[in-house]
Amino acid sequence: MRCCLIAGMLTASFAVCLPGAAAAADPDLSAAGSTAIADVDQRSDELKAVNHAIWEFAEVGLEEHQSSRLLVSKLRENGFEVTSGVSDMPTAFVASYGSGKPVIGILAEYDALPGMSQKVDPERSPVTEGAPGHACGHSGLGTGALGAALAVKAAMDRHEIKGTIRLYGTPAEETVIGKIYMLLDGQFDDLDICLHWHPATKTGPWAGSSKAVVSAKFTFNGVSAHAAGNPEKGRSALDAVELMNLGVNFMREHVKEDARIHYVITEGGGAPNVVPATATVWYFVRADKHEDVEYYFEWVNDIAKGAAQMTRTKLKVQIDTDCHELIVNDPLSELLHQNLVKVGMPTFDESELAFARRIQQPLIEEFGAEFPEAISTAILPLQESRTASKGSTDVGDISWYVPTGGIRTTCMAAESPGHSWQNVACIGSSIGEKGTIYAAKVLAISALDLFQKPDLIKAARAEWTEQMKGRKYTSLIPKGQKPPVRIR
Ligand SMILES: [Zn+2]
């Protein structure tokens, strides 16, 4: 009964305005910054409604039609010039306001994860069994980025600030597709600085790198035959997949510790009594450095060729995407950290803390996990934010083109696992809404600082140039290849 009540309260928060969170405005806040924060506060109900709508649409990568349309319509209503369907992806868009330099970009993502449907409820309870859900919090991510861009525009108007604010609608982050194909298509060429954020279990600047990853599908073609009647006339594509996987699993012993290699068999035959003529295995090959990924990927390719030879099958390799590690930018991380402090953490009420405790309970029971707190309310110092992520993000590729800075804000129960139903519940609740609104404010005032203090851009650019010494952006994606229409 208590659970339903808690869930009910949180669901209802979509419709009513909960106290937002902000601490008293910092006296150091610029006039433009104050305008931006007031703008986010004034439209907080609208932003909560956008998060709720995208959360309900729960569309997977490259199929985020309703989510993308909603964001585009909000941007157009507010005077942004929007080009949608850019770079051969119907759900990608670029929205600009203002003119000339500098051009400050903010990244929006809005794709959901398959099979993760979950109600705003602290116990496992799908809205629709097997349907997608926002287990990475991208409903909030897209909404926070929108709120930031609209707030910057409001401040630019009021304070006559020159330059261009741009919101990038970047689809299919979960398969690291959108930003990469937009980048290869030149959409980021005139950008001076890029800002981004991600919903998280903690708050702090995004000052750690991430892993590079190549995503590729290996398809083997053999000959079908009756598996008992005339197996000598068949050549099994599934055998090739199994031998390839075996080879890669032996390869694992001889790669550096930071490497991560994982696969799923997406096609492996239909019935045991038919020799499978076609089989496909989908691989992610990751490492801390792109050059290591290139090396491992060549090795994996050789193993696949060997498997094809062993089984007398033919091999086809489809590289879907190739993503680089994030280049961290200290001047931007410092600016964003200061602004996280200036705006101040949201406060979470009793019902939200109780909801988070319920979310943590199954993890305590199943894994003996310990949770000193229900929701993390500290702002991590810069030094503690440097831990590299073991996952990958296509924000990494942007950072090879332009100085890029980001933040994470608390939108989930403390220590909640990534890509979990618990996170779907949290980002759909008032906990996620508060973190989203906080992020919108911090990104907005940071963009305004960059517009108003050219030295900040210079410092970010100088450090980026230093970091890029000896690095050259190369891509395993065949030149001129269009993005996939669907990923699965
Ligand atoms: Zn994510």
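Laboratory data are not the source of any read-out in this text; all were calculated from the coordinates shown. The shown structure was predicted, so the numbers you read here are calculated from the model rather than taken from an experiment. Cβ sites come from the backbone with ideal geometry, for glycine too, and all protein chains shown count toward neighbours.
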Residues whose built amide H sits under 5 Å from the amide H of K202, excluding neighbours closer than 5 in sequence, are C411
Quick one: what does P(r) look like for segment 273-347 with 5 Å bins over all Cα pairs, in whole %?
-> 3, 11, 15, 14, 10, 9, 8, 8, 6, 5, 5, 5, 2, 0
Just the Kirkwood number for segment 212-323, please: inverse of mean 1/r across all distinct Cα pairs, in Å, one decimal.
-> 14.3
Spatial separation of Cα centroids for segment 442-488 and segment 318-341, in angstrom = 8
Neighbourhood net charge (13 Å Cβ-Cβ; Lys/Arg +1, Asp/Glu -1) for L336 = 0
Read phi for every residue in segment 255-271 and hand back ³J(HN,Hα) as whole Hz from Karplus 6.51 cos²θ - 1.76 cosθ + 1.60, θ = phi - 60°, with x for Gly and Pro.
-> 10, 5, 5, 7, 6, 9, 10, 9, 8, 9, 8, 8, 8, x, x, x, 8
Distance violations [Cα-Cα > 28 Å] among K153/K434; K48/K202; K289/K453; K202/K441 = K289/K453
Putting +1 on Lys and Arg Cβ atoms and -1 on Asp and Glu Cβ atoms, find which of L363, H159, S87 reaches farthest to the positive end of the dipole of the chain.
-> S87
How far is the Cα center of segment 45-116 from the Cα center of segment 280-296, in Å?
-> 30
When a/c is below 1.5 the answer is rounded, else prolate if a/b is larger than b/c, else oblate, so apply that to segment 209-258 with a ≥ b ≥ c taken from the square roots of the Cα gyration tensor eigenvalues.
-> prolate
Among T410, T266, T170, which comes first, then next, by fewest other beta-carbon atoms within 10 Å?
-> T266, T410, T170
Which whole number in µm²/s is D for segment 110-178 by Stokes-Einstein, with the Kirkwood Rh taken over Cα pairs at 25 °C and 0.890 mPa s?
-> 172
Only Lys, Arg (+1) and Asp, Glu (-1) charged, at Cβ; segment 75-121 dipole about Cα centre in debye | 140
Whichever aspartates and glutamates have a C-alpha closer than 13 Å to that of K256, once near sequence neighbours (fewer than 8 apart) are set aside = D288, E291, D292
Net +/- balance of residues flanking S96 in space, Cβ distance below 11 Å, scoring K and R +1, D and E -1 | 0
Determine by what factor the alpha-carbon radius of gyration of the chain differs from 2.2 N^0.38 Å, reporting the quotient.
-> 1.02
Square roots of 5 times each gyration tensor eigenvalue, C-alpha, segment 141-213, largest first, Å | 24, 18, 12
Give the angle, between 0 and 90 degrees and rounded to the nearest 10, that separates the Cα long axis of helix 44-57 from the longest principal axis of the Cα atoms of the chain.
-> 10
Could you point to the residue in P381, L107, A279 farthest towards the positive end of the chain's charge dipole, with +1 and -1 charges on the Cβ of Lys/Arg and Asp/Glu respectively?
-> A279
